[in-house]
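The block underneath contains the structure these notes are about, expressed in structure tokens.
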């Protein structure tokens with residue numbers, strides 16, 4: 001009898017796992033992609049240089065907004081690419097990173113270690129992650145000058161991927177101007 005119950009539970013567990021990870025119509029539009037087409041939320045976060053970073057103040061610029069954490073392996077691999085993007089596209093594109101839920105001193109050590117020169121803020125209550133429907137970290141948002149999220153990516157981006165997306169954002173904004 002016990003073998004039948006254990007076998008039944010194993011089959012049920014496999015069915016649940018397949019249903020959870022098999023792509024279907026119910027998964028479309030979940031995660032950060034839900035934010036595409038919407039405006040940046042009116043949130044502000046303390047930056048590591050003791051200023052506030054208001055998402056509303058980013059209007060008028062093309063922006064890559066990266067949501068991350070120091071403990072996240074893919075975030076650690078992605079950070080040098082973000083730094084290179086910020087250096088390479090300087091005046092055309094703003095790169096901003098918002099850490100999720102960590103102590104500012106931990107984030108400051110990380111930023112120093114990786115020689116990050118773009119604005120970094122800490123969202124200690126993780127409001128941004130909730131508002132933008134994050135599933136995981138890192139998540140990147142490509143935002144036009146009007147403050148509209150044009151593209152969202154859940155997961156690690158290579159330099160080439162983020163550079164291509166940033167160039168498309170810049171080109172589409174140039175067409176709208």
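Any read-out appearing in this document is the output of simple, stated calculations on the displayed coordinates, not a laboratory observation. Keep in mind that this is a model prediction, so the values were computed, not measured. Neighbour counts are summed over all protein chains in view; Cβ atoms, including those assigned to glycine, are modelled from backbone coordinates with ideal geometry.
Placing a pseudo-label 7 Å from each Cα along the Cα-to-Cβ vector at residue 92 and residue 56 gives an inter-label distance of 3.0 nm.
Taking 0.36 nm per residue of separation and subtracting the Cα-Cα distance, full extension of the segment from residue 146 to residue 105 would add 11.5 nm.
Go through 36-46, 136-146, 96-106, 72-82 and give me the packing order, highest mean Cβ count within 10 Å leading.
In descending order of packing, they fall as 136-146, 96-106, 72-82, 36-46.
Give the calculated FRET efficiency between residue 176 and residue 131 to the nearest 0.05, with a Förster radius of 22 Å applied to their Cβ-Cβ distance. Using R0 = 22 Å, I get an efficiency of 0.30.
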